[in-house]
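Please treat every number below as a calculation from the coordinates, not as lab data. Given the structure is predicted, the values throughout are model-derived calculations rather than measurements. Backbone-built Cβ (ideal geometry, glycine too); neighbour counts: all protein chains shown.
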Amino acid sequence: MMRMLFDGFIGRTASLGSPGVNEMRWVAPLRPGDDLTLDVDVVEARVSKSRPETGIVTFKGTIRNARGEMLCEMESPIIVSRRDSAGN
């Protein structure tokens, strides 16, 4: 799941790291040979109170197998650099 998150989502952001995982649930077992799909939804995006040049984006990732069955859910924040008001 982390490899898929990085390749398809986090690696395309100005990520500065993560303070950890808020929640993780394994709903069903992952089987050898399963084809996996990852859906990522942004739950919250806000400016950091202590470091306004950064933002905190909380996302929820859901892994499903080829039958559409949910296998795992994870909610986690990442810290990102913010663009300045000039759009840089």
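Less than 5 angstrom separates the built amide H of L71 from those of I63, R64, N65, all sequence-distant by 5 or more or on a different chain. Gain on full extension, evaluated as 0.36 nm per residue between R46 and R12 minus their Cα-Cα distance, stands at 10.4 nm. Here the contact order of the stretch 2-81, divided by its residue count and restricted to Cα pairs under 8 Å and six or more residues apart, works out to 39 percent. Counted over all Cα-Cα pairs of the chain, pairs farther apart than 15 Å make up 62 percent.
Comparing L30, N65, P77 along the charge dipole axis of the stretch 2-81, the residue lying farthest to the positive side is P77, per the Cβ-charge model. For the chain, the mean residue ellipticity at 222 nm estimated from helices alone is -2000 deg cm²/dmol, where every DSSP H run of n ≥ 4 contributes -39500 (n - 2.57) and the total is divided by all residues, rounded to the nearest 500.
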